[in-house]
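S.K.: Sharing a structure, written as structure tokens. Questions coming.
The values are calculated or read from the model by the stated rules, or taken from the named source; none is laboratory data. In this text, all values refer to a predicted model and were calculated from it rather than measured experimentally. Backbone-built Cβ (ideal geometry, glycine too); neighbour counts: all protein chains shown.
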Amino acid sequence: MIRANSSAPSVVYHFPSNRIDELSGAYAEVAASLDIPHFDLYRHLINDRAWPGMYEKNAGVHPIAAGYDIGGEHIFN
């Protein structure tokens, strides 16, 4: 049996909003150039008061469950 080294440092990612904004805009441009639909969820989330802190609480990459609920509300409304 192999056990993980519990003293190993954990990996934490950080994606600052300005970088996400840049990438989101780039995706929108590529989608438009290819004439394919693009839903810019970032533009909705950045203005939602409930969104800040949702992914920082989960290693900085994926949101916690409540964050997925918020994203879903924007997609389906």
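S.K.: How many of the residues making up the stretch 7-63 are more than 21 Å from residue 73 (Cβ to Cβ), at pLDDT below 85 and of a type in the set (Gly, Ala, Ser)?
M.R.: Here the count works out to 5.
S.K.: Name the single residue, out of those in the stretch 19-58 being assigned to a helix (DSSP H, G or I) and of a type in the set (Lys, Arg), that is farthest from residue 70 (Cα to Cα).
M.R.: Taking the candidates together, the pick is 19.
S.K.: Out of all the residues in the stretch 35-76, which are over 23 Å from residue 25 (Cβ atoms) and of a type in the set (S, T, N, Q)?
M.R.: Passing the criteria: only 58.
S.K.: With respect to the numbered conditions (1) surrounded by 12 or more Cβ atoms within 10 Å (Cβ to Cβ); (2) at pLDDT below 90, which one is the sole condition not fulfilled by residue 4?
M.R.: (1)
S.K.: If you don't mind, there's one more thing I want to ask. Across the stretch 29-63, which residue is surrounded by the most Cβ atoms within 10 Å (Cβ to Cβ) among those that are aliphatic (A, V, I, L, M) and farther than 19 Å from residue 16 by Cβ?
M.R.: Per the criteria, the residue is 31.
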